[in-house]
Amino acid sequence: MVKINGEERNLAGSTLSAYLTEAGFDLGRVAVEVNGEIVPKRLYGEATLSDGDSVEIVGFVGGG
């Protein structure tokens, strides 16, 4: 199980990019931290989630 923003999900083995796309996130407007380390956007497709990982996703919102 992988904890995403505090919620347990069965995502072990998935890439970060696959999860973000499936969940409907705009990859250009999020920042992601896995186990306390920020993951560079260029590595989203290579970052594989493992059992016990803790992921925090923050979305950026524009406005004025």
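The values are calculated or read from the model by the stated rules, or taken from the named source; none is laboratory data. Since the structure is predicted, the reported quantities are computational estimates derived from the model, not experimental observations. As a convention, Cβ positions derive from the backbone with ideal geometry for all residues, glycine included, and neighbour counts pool all protein chains shown. Ligands, DNA and RNA are excluded from the accessible area calculation, which covers all protein heavy atoms including side chains. Shrake-Rupley method; radii C 1.70, N 1.55, O 1.52, S 1.80 Å.
Numbers at a glance
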item: Residue check, SER14 over 10 Å from the mean Cα position of the chain (by Cα), modelled with pLDDT of 95 or more and hydroxyl-bearing (Ser, Thr, Tyr); result: yes
item: Test result for GLU33, within 10 Å of the chain's Cα centre (by Cα) and modelled with pLDDT of 95 or more; result: yes
item: Those residues of the stretch 29-45 which are within 11 Å of PHE60 (Cβ to Cβ) and open to solvent by less than 60 Å² (accessible area, probe 1.4 Å), in sequence order; result: VAL30, ALA31
item: Matching option when the condition is modelled with pLDDT of 95 or more, over 12 Å from the mean Cα position of the chain (by Cα) and small (Gly, Ala, Ser), among GLY28, GLY64, GLY52; result: GLY52
item: Cβ pairs under 8 Å, 6+ apart, first in the stretch 1-19 and closer than 13 Å to VAL32 by Cβ, second aromatic (Phe, Trp, Tyr) and assigned to a loop (DSSP other than H, G, I, E, B); result: THR15/TYR44; LEU16/TYR44; SER17/TYR44
item: Among (1) open to solvent by 70 Å² or more (accessible area, probe 1.4 Å); (2) in contact with a Gly (Cβ under 8 Å, 6 or more places away or on another chain), the one test that SER17 misses; result: (1)
